[in-house]
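Working notes, structure below.
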Amino acid sequence: MPAPTDPGRCTRRLRNLVEPIAAVVFFAPEAQAAYVRLGFPPPRGEDDGIPLFDWGAYFVSRAACLGQARGEVVAAAFGVFSPAWVVREIDKGWRLTDPATMGAARAHSAVAALARLLGGVPEGVARATALLQHGLAAVPVAGKPVFAGLQGLGWPGTPLGDLWQACDLYREHRGDAHITSWTSVGLHGCEACIINDLYQGLGLGSYVRTRGWSAQEVEMAIASLRQRGWLEGERFSAAGREAREAIETTTDMQQRPIIETIGKDFEALATLLTPWRDAIMAGHGYPGRAFVARQGERATGA
């Protein structure tokens, strides 16, 4: 089987495959129950069978790999959230738990959720994990704080634990790379969220509000993007769309070594991951586009 002819496009394909596997932990009832036991609030109901998780638990659980970092550090690492909001939630969260306890709750919950949604350990998990690990070993940690924090945790040593960790590493590597890409063209987090909404086909200034930015901050960011010439009315201008695609391409470039190292085995990896991604989506373990759109509408009062 030949190596991928377009590694840049393959980085996006792999992102779409690993995202539901890695991010299942954010929506899993197993995780919500574990966090409630640590003192975090319970989910705020559900949408299409998916819990509307507590954001404080989200920030603290995802940041646990960084150690007991201050909220300002977590806000810098996550990039797209209102820093003031992150700082408040992190300060509250570290009064309830510590990184080791929260990290263990997160990892155990992810494995339990995957076992439930995949019906145990599917055939091919060891092969898929080995290919991901091989590719991930090809990229450095420089400029990738969350990726580095996860890498420092080591491997859980169980089939589903190692698969989840590998997918989470790829997900967070891309997230770190994306922040590097949009900050390199002078954007701040609110602006990056706004152009991502449009890139994903969502309404201008919609889903960005789920990231804690105020109405005034969103309006100021939109005005700044208009001044750059990136917006025409409620949509991208040609220059804006080109600029946003360039950000994505720069992100792809930082992940190309992963794809090139996996090489001729990329299609085999994609073939293994696809039914697992589909099973998670079918089992309401990860939300689809309609869920995302509804959350944006609720945040903006639509």
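The values are calculated or read from the model by the stated rules, or taken from the named source; none is laboratory data. Keep in mind the model is a prediction, meaning the values are calculated, not measured. Neighbour counts run over all protein chains shown; Cβ positions are idealised from the backbone, glycine included.
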Pairs returned, first residue in segment 147-174 that is surrounded by fewer than 20 Cβ atoms within 10 Å (Cβ to Cβ) and modelled with pLDDT of 95 or more, second residue that is not aromatic (Phe, Trp, Tyr) and not in a helix (DSSP H, G or I), beta-carbon separation under 6 angstrom, 6 or more apart or interchain, are 148/141; 159/121
Residue 107 being crowded, with 17+ Cβ neighbours inside 10 Å, closer than 14 Å to residue 35 by Cα and not charged (D, E, K, R): yes
Which listed residue is at pLDDT 95 or above, buried (at least 18 other Cβ atoms within 10 Å of the Cβ) and within 24 Å of residue 15 (Cβ to Cβ), from 202, 187: 187
Options 293, 299, 270; residue that is in contact with a Leu (Cβ under 8 Å, 6 or more places away or on another chain), surrounded by 15 or more Cβ atoms within 10 Å (Cβ to Cβ) and modelled with pLDDT under 95: 293
Selected residue [at pLDDT 95 or above, crowded, with 19+ Cβ neighbours inside 10 Å and over 30 Å from residue 84 (Cβ atoms)] from 194, 247, 259: 259
